[in-house]
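First the structure, in the form of structure tokens, and then the observations on it.
The values are calculated or read from the model by the stated rules, or taken from the named source; none is laboratory data. Just so it is clear, the model here is predicted, and its values are computed rather than measured. Reconstructed Cβ throughout: ideal geometry from the backbone, glycine too, with neighbour counts over all protein chains shown.
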């Protein structure tokens, strides 16, 4: 009898653990579509000290179905900084649309990655020495009254294609503890990717309730420093940070003001330069696909680092690549 009770308890515990297991196990690589992967790789290496770790070229029916681009011939260059990776997606055929020249920080196609630095002044000087294009007016220190963000320094800039990137520096007691151990390095890794959303609650229904990411923090940011960081006059943001068990965070930026951010352009595709993909690694790609009404695409080999995946848009059109395999 006691043995039967122990077996029943063990089975119940296993069932509860299975139910509690997150659908997404890790946030993996963050990908951006670029016009020239060689130029972008040089920029990331020379300015931000990324390292190139792979360079592959793929084509065929499975790639077309995964990307949604007929006739796709895709070059993927993977760049690493610390423990995180960026994927540079260059569509050798067919090319897509240029990055919108008039993009603003509150447009809902906005996405960036936040690159952690150990010394903001030195990192900013390095960017100035390379004539990097500003997106912020300059580095900003978030004010002490904002308890969740007090002392964080940040700066937005742009890559050769116009994509937004961020430098971020955490004071003691904030951010992942590993960012407090620079080991003599200036550029440390990627803390998160940030996306502008129209409605945080609608986004949470997708990221938290369907994908299983957990809310790791929140704040409401406003004031002169935030305005000059985002380069948006009157900026007031609701910021929600989501985390998987491993990998960078996903930060939701909802502009409470101004509310004039534009939606993702109609018909935007994976070969357009405004396209980003955030890889979400899962052991249950089929199960997530069933929830979202999407059928995963099986690939003929692991040239891209995974054998099955699908692309899914969130409520604002930001693209997540749900994939199997290691991040």
Quiz prompt | Count - residues of the range 153-180 that are touching a strand residue (DSSP E or B) at 6+ places or on another chain (Cβ under 9 Å) and over 22 Å from residue 127 (Cα atoms) | solution = 3
Quiz item: Do you know which of the residues in the range 15-31 that are modelled with pLDDT under 95 and assigned to a loop (DSSP other than H, G, I, E, B) is surrounded by the fewest Cβ atoms within 10 Å (Cβ to Cβ)?
Solution: 21
Quiz prompt | Number of the exception - residue 117 against (1) in contact (Cβ under 8 Å) with a residue 60 or more places away in the chain; (2) more than 30 Å from residue 55 (Cβ to Cβ); (3) in contact with a helix residue (DSSP H, G or I) (Cβ under 6 Å, 6 or more places away or on another chain) | solution = (2)
Practice problem: From (1) buried (at least 20 other Cβ atoms within 10 Å of the Cβ); (2) within 21 Å of the chain's Cα centre (by Cα), pick out the condition that doesn't hold for residue 160. | Solution: (1)
Quiz item: Does residue 237 count as part of a loop (DSSP other than H, G, I, E, B), within 22 Å of residue 167 (Cβ to Cβ) and in contact with a strand residue (DSSP E or B) (Cβ under 8 Å, 6 or more places away or on another chain)?
Solution: no
Exercise. Only residues that are part of a strand (DSSP E or B) and crowded, with 20+ Cβ neighbours inside 10 Å: list them for the range 32-70, please.
Key: 32, 33
Quiz item: If we scan the range 90-100, do we find a residue that is under 15 Å from residue 34 (Cβ atoms), in contact (Cβ under 8 Å) with a residue 12 or more places away in the chain and touching a helix residue (DSSP H, G or I) at 6+ places or on another chain (Cβ under 9 Å)?
Solution: yes
Quiz item: Just checking, which of 55, 61, 46 is out of contact with any strand residue (DSSP E or B) (no Cβ under 8 Å at 6 or more places or on another chain) and either within 25 Å of residue 296 (Cβ to Cβ) or without any contact (Cβ under 8 Å) to a residue 40 or more places away in the chain (or both)?
Solution: 61
